[in-house]
Amino acid sequence: MTRLYRLLPWLLAASLLATPALASPLNNPRWDQLDSEQQTVMAPLAAEWDRYAPEKKKNLLAIVPEYRSLDPAGRLRLQSKLKSWSDLTLEQRQQIRNNWKTLQSLPPAEREKAIQRLKQSQPKPQASG
């Protein structure tokens with residue numbers, strides 16, 4: 001047992017040295033601090049990135065790993081949605097947030113009906129060929 005106590009500090013030190021140091025992510029990265037992949041994914045938001053709150057940046061950057069797994073069409077769709085969002089006025093964004101909160105407060109059956117009505121009211125995209 002005494003031998004174990006003598007070895008314990010060495011084992012702890014060795015485990016710390018063997019573990020690669022993980023860089024802590026920036027809490028509030030500026031646009032120029034993003035890596036090239038992050039800038040590519042977030043490109044539609046570049047003009048306003050530095051004005052975003054740290055929590056919003058964190059949430060947006062969480063998209064980057066998912067972006068890698070998307071096919072090219074999915075990547076375009078995601079960036080198109082980011083662009084559409086960035087083009088909205090603050091009032092339009094707030095209205096969308098309010099609508100989302102209202103939708104989430106509905107019972108599941110009513111929520112599903114509302115989603116179906118919304119899908120039916122939107123124009124269908126034209127097939128390109």
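Length gained on full extension, Arg68 to Ser36, computed as 0.36 nm times the residue gap minus the Cα-Cα distance: 10.2 nm. Straight-distance candidates among the lysines for linking to Lys83, with alpha-carbon spacing under 19 Å and chain neighbours fewer than 8 residues away dropped: Lys56, Lys57, Lys58. Pair-distance distribution of segment 24-104: all C-alpha pairs, bin width 5 Å, starting at 0; shares per bin in whole percent are 3, 14, 22, 24, 19, 14, 4, 0.
Here each label is just a point 7 Å from Cα along the line to Cβ, and for Lys58 and Lys119 those points are 3.4 nm apart.
No lab work stands behind these numbers, since they all come straight from the coordinates. Here the structure is a predicted model, which is why all the values come from computation and not from measurement. Backbone-built Cβ (ideal geometry, glycine too); neighbour counts: all protein chains shown.
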